[in-house]
Amino acid sequence: MNERITTCGIVLECKKVLVAKRSVGAKTCGLWEFVGGKNRYHESEEETLIREFDEELGVKVEVGEYLDGVDFVNNDTLYHLKAYRVSLLDDSFRFSVHSEIKYVSKEELLTLEMVPSDLMLINKLIGQGII
């Protein structure tokens, strides 16, 4: 089985977390997720997040501390999803793979139809009091 690292950025503001909704036509269309993506083999996890936020939302970010992670299998690949605290350096969003973004409370987050791997992570982060 192949293994890959994938990352996601947890942007917290005023006790709310940033989530993005995948556009129709995307593999996970219509589902909500944290912004992030698969590591390219030459990148650090921090570099992946900087690239993904730029590609997906058109914004610059500063990557902070590692928060937690979960493992999941998709298409015969074992993914290690790693979450980092991320701070936005600007908010001039430009969408490429998402149709919507918003900040949500913990309670609202639990009502959204999330990507399954992010849902596993949400439960851990809520349990630790991070979200």
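The table below lists the values:
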| read-out | value |
| --- | --- |
| In segment 117-130, residue surrounded by the fewest Cβ atoms within 10 Å (Cβ to Cβ) [restricted to those that are over 12 Å from ALA83 (Cα atoms) and in contact (Cβ under 8 Å) with a residue 12 or more places away in the chain] | GLN128 |
| Extreme residue, surrounded by the fewest Cβ atoms within 10 Å (Cβ to Cβ), among residues of segment 66-116 that are in contact with a helix residue (DSSP H, G or I) (Cβ under 8 Å, 6 or more places away or on another chain) and in a helix (DSSP H, G or I) | LYS106 |
| Per-region count, segment 80-97, residues more than 14 Å from the chain's Cα centre (by Cα) and either modelled with pLDDT under 95 or among the basic types (Lys, Arg) (or both) | 7 |
| Residue list for segment 1-51, restricted to those being open to solvent by 50 Å² or more (accessible area, probe 1.4 Å) and under 20 Å from GLU108 (Cβ atoms) | LEU12, GLU13, CYS14, LYS15, LYS16, LYS21 |
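The values are calculated or read from the model by the stated rules, or taken from the named source; none is laboratory data. Just so it is clear, the structure is predicted and the values come from calculations on it, not from any experiment. A quick note on method: Cβ atoms are made from the backbone with ideal geometry, for glycine too, and the neighbour counts reach across all protein chains shown. Accessible surface is based on the protein model in full, side chains and every heavy atom, while ligands, DNA and RNA are left aside. Shrake-Rupley method; radii C 1.70, N 1.55, O 1.52, S 1.80 Å.
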